[in-house]
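Bear in mind these aren't lab numbers, they're just calculated from the coordinates by the rules spelled out. Keep in mind that this is a model prediction, so the values were computed, not measured. No Cβ is skipped: glycine too gets one built from the backbone with ideal geometry, and neighbour counts run over all protein chains shown.
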Amino acid sequence: MRWVMTALMAAMAVSAAAEYIPPSGAPCRSVPCGVGAGPAGQLAGMSGVGFDQEYMVQMFQQNADIASLAEWGYSRLSDKNLRDFAKKIYAERGNMNSVLATVYAPSGCGKLTATMDRAIALQAGLATVCGTTLDSAWVTTMIALMDQSLQAGILGQTRASTQVLRDSANNTVAVSRNEISAFKMWQNTTFLTHEQWERFCGMHPADPRCP
C-alpha cells in the first residue's frame, strides 16, 4: 500500500508541474464554506463509553462526507492522477466505515447513518468552477476534511476504550496524514493565476455567505 501511495504522489507532482501556470497574485488556500469545524471539537470533552459511541457516529459521518466528495471528484476532476487518488480515497473511507458499522452494531443503538447535507453543499460550491481551478479547489477542500479526520483520530488513539476502536483511530491518523501529504505535494507544484483563484477564493470563513 505504501508504494502505491508513493507512486501516486510522484505522479501527481509530475503532472502538476507539467501544467504550471505562473501566478499573478498570492494564491488563496482558504477553507471553503460548509466544511465546518469537524468532529474533534464535539469529542474533546468526552471519555469512556460515551466517547466511543460519539466517536463512531461522528467519524462515520466524516468518512461518508469524504467518500462522497471523492466519488464526486472522480467524475469531474481534470487531473487523471487526482481522479485515481479520489478513487483510492473513496474505497479507503468506505472500508473505514465498514469497520465502524461492525463495531457499532452490538451497541443496541441501531445502525450508523450519515446525512449528505454537508457533502452536497460542498459539491454545489465546487461545481461553480472547472478544469485546474476545480482541481485546486477540490484539493483544498479535501485537505480540510482530512485534517478534521486526523484531529479526531488523534483523540481516538488515546480516549477510545476498546482496542478495535484504537486500531481504527490509528488507521485514520496514518491514512489522513498520508493523504494530506500527497495533496500538499500536488498543491505545492500547481499554481493558478490570481483571476483563477478569485473564482472560488470567496468561499472562506470571512465571507458573509459562510455560516
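Largest first and in whole Å, the equivalent-ellipsoid semi-axes of the stretch 46-198 read 31, 15, 12, each the square root of five times a Cα gyration tensor eigenvalue. For the stretch 140-190, the pair-distance distribution built from all alpha carbon pairs, in bins 10 Å wide starting at 0, is 29, 44, 21, 6, 0 percent. Shown in residue order for the stretch 69-82 are the 3J(HN,Hα) couplings computed by the Karplus curve 6.51 cos²θ - 1.76 cosθ + 1.60 at θ = phi - 60°: 5, 5, 4, 4, x, 4, 8, 10, 5, 8, 8, 4, 5, 5 Hz (x for Gly and Pro).
Restricting the trypsin sites (Lys or Arg not before Pro) of the stretch 44-153 to loop positions (DSSP other than H, G, I, E, B) with no more than 12 neighbouring Cβ atoms within 10 Å leaves Lys111.
Sorted fewest first by neighbouring Cβ atoms within 10 angstrom, Asp84, Asp65, Asp117 come out as Asp117, Asp84, Asp65.
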